[in-house]
Structures are given as structure tokens and as C-alpha cells.
Amino acid sequence: MWFELSLIPFIGAIIVFIIFWIVKDGQRWQKHPYLGVFARLIQKSPGRAFGVFFLLMILTVPLVLLVMTGMWVDTLDAGLIPQRTDVVNIMLIMFLVFCFTIYITWGAYGTWRNAMRAEAEVKVRPV
């Protein structure tokens, strides 16, 4: 029971991350009836896009630990000893999700960094 309950916020965070990833680029998403809110939020500035992706990336770590804790509690409630394979499987899922989120967050960071460089270059140039 606790395992299934702990899966809800984890899967929710992954779905929100994927929604933000889909609407990250493109003006057509801003007028979408459901995804427009996400698009307008993340397309406001490159810094905001990086902040949202970074926050969701960091949020996945405690949510995976919550899933692992729920699995352990259910196993102990059933009177069994937790197996190492269950822990390894959950850790592999965490590493796969973390690799995906790091890749997207790193790209958003590069976009934000280049925008900051371009803005600083415009301010330094004499007109």
C-alpha cells in the first residue's frame, strides 16, 4: 500500500517534468488550452526555464527515496526481508530518470548562460 501511495508523487513529478520539456520551445504551445500555462511559465526567460528544470531534477531524489521507503515498509509489513534486487531495481530507475533530467537541465543551463553572456556583451559595448 505504501509503495503505491509513494509512486503517485514520483510519477506526478516525472509527468510535470516531461510537460515542461515538451513546451520549452515553440510559440504555438502558448495558445494551447491545457499546456499554455506551462508554456507561458517556462518560456518567460531562460533563467526561469533553468530554475524550473533544476528544481524538478532535485525533487526527483527525495521522491525516489520515498518510493524505496514505501517498498521497504510494505515488505516489512508482510513479514518478509527486503531483497537487494528490489533496491537495485529502484536505484536503476532513479539513475535512468536522473540521467534524463540532468541532460535536459544542462541544456537549459547552457541556454541561460549564453543569454547572460549576450546580455552582458550588449551592456558593455559603447553605443
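About the Cα centre of the chain, what is the dipole size in debye to 20, counting +1 per Lys and Arg Cβ and -1 per Asp and Glu Cβ, all else neutral?
940 debye
I'd like the distance separating the alpha-carbon centroids of the stretch 60-122 and the stretch 1-37, in whole Å.
The two parts, judged by their Cα centres, are 16 Å apart.
If the elastic network links every pair of Cα atoms under 10 Å, which of Ala13, Ala78, Ala115 fluctuates the most in the Gaussian network model of the chain?
Sorting by GNM fluctuation, first place goes to Ala78.
Once the dipole of the chain is set up with Lys and Arg at +1 and Asp and Glu at -1 on Cβ about the Cα centre, which of Thr69, Ile42, Ile14 lies farthest towards its positive end?
Farthest towards the positive end: Ile42.
Taking the radius of gyration and the Kirkwood hydrodynamic radius from Cα positions alone, what is the Rg/Rh ratio for the stretch 7-120, to two decimal places?
Answer for the stretch 7-120: 1.12.
Can you send over the carbon and sulfur percentage of the accessible area for the chain, probe radius 1.4 Å, protein chains only?
Result for the chain: 72 percent of the exposed heavy-atom area is carbon or sulfur.
How high is the relative contact order of the chain? Use alpha-carbon pairs under 8 Å, at least six apart in sequence, and give a whole percent.
Once normalised by length, the contact order is 32 percent.
Taking only protein heavy atoms into account and a 1.4 Å probe, give the accessible area per residue of the chain in Å².
Value returned for the chain: 70 Å² of accessible area per residue.
The values are calculated or read from the model by the stated rules, or taken from the named source; none is laboratory data. Remember, predicted model here, so these are calculated numbers, not experimental data. We place every Cβ from the backbone using ideal geometry, glycine too, and count neighbours over all the protein chains shown. Protein only, heavy atoms only, side chains kept; ligands, DNA and RNA dropped before computing areas. Shrake-Rupley method; radii C 1.70, N 1.55, O 1.52, S 1.80 Å.
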